[in-house]
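The values are calculated or read from the model by the stated rules, or taken from the named source; none is laboratory data. Everything numeric in this text was worked out from a predicted model, so none of it was measured. Counting neighbours? That spans all protein chains shown, and the Cβs are built from the backbone with ideal geometry, glycine included. Calculation scope for accessible area: heavy atoms of the full protein, side chains included, ligands and nucleic acids excluded. Shrake-Rupley method; radii C 1.70, N 1.55, O 1.52, S 1.80 Å.
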Amino acid sequence: QVQLLESGGGLVQAGGSLRLSCAASGRTFSSYNVGWFRQAPGKEREFVAVISRSGSVTYYADSVKGRFTISRDNAKDTVSLQMNSLKPDDTAVYYCAADRGGWGPSAKYDYWGQGTQVTVSS
């Protein structure tokens, strides 16, 4: 069992930055690939980024590539999402999720956090 808790959301103007964190407790966090997803009102949940167990491999959605950076610190059981050059379209609830064996947007992701709201004003 892995418990995930997101933090760092808030209100920011377009062009600004936010850093989201996903803190894990429970089983060995370093055994899990970790992804970030987001869901805007009235829209389906969409994949944002994923990082491998060791942190050596990352993958991003085209919509955030070059603006967002995912990283992890396994010593602290945390995964971060640095978001720069934010746009109003980035407004959503952001979730982190962990999967032991899967990878990328289509993985099952066994464990999910409760989400943190990001609002980007124009």
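Quick notes
- Restricting attention to segment 17-34, the residues that are part of a loop (DSSP other than H, G, I, E, B) and either open to solvent by 20 Å² or more (accessible area, probe 1.4 Å) or without any contact (Cβ under 8 Å) to a residue 40 or more places away in the chain (or both) total 3.
- Where a residue in segment 61-77 is under 19 Å from ARG27 (Cα atoms) and touching a residue at least 24 places away in the same chain (Cβ under 8 Å) and its partner, wherever it lies, is open to solvent by less than 60 Å² (accessible area, probe 1.4 Å) and of a type in the set (Phe, Trp, Tyr), with Cβ under 8 Å and at least six apart: ASN74/PHE29; ASP77/PHE29
- Test: residue in segment 53-64 that is open to solvent by 40 Å² or more (accessible area, probe 1.4 Å), under 28 Å from SER122 (Cα atoms), assigned to a loop (DSSP other than H, G, I, E, B) and modelled with pLDDT of 95 or more: yes
- Figure legend. Inter-residue proximity from segment 97-122: first residues part of a strand (DSSP E or B), second residues open to solvent by less than 20 Å² (accessible area, probe 1.4 Å) and among the hydroxyl-bearing types (Ser, Thr, Tyr), beta-carbon distance below 6 Å, spacing 6+ or different chains. Indicated pairs: ALA97/TYR109; ALA98/TYR32; ASP99/TYR109; THR116/TYR94; VAL118/TYR94.
- Condition met for TYR111 (under 13 Å from VAL48 (Cα atoms) and open to solvent by 40 Å² or more (accessible area, probe 1.4 Å)): no
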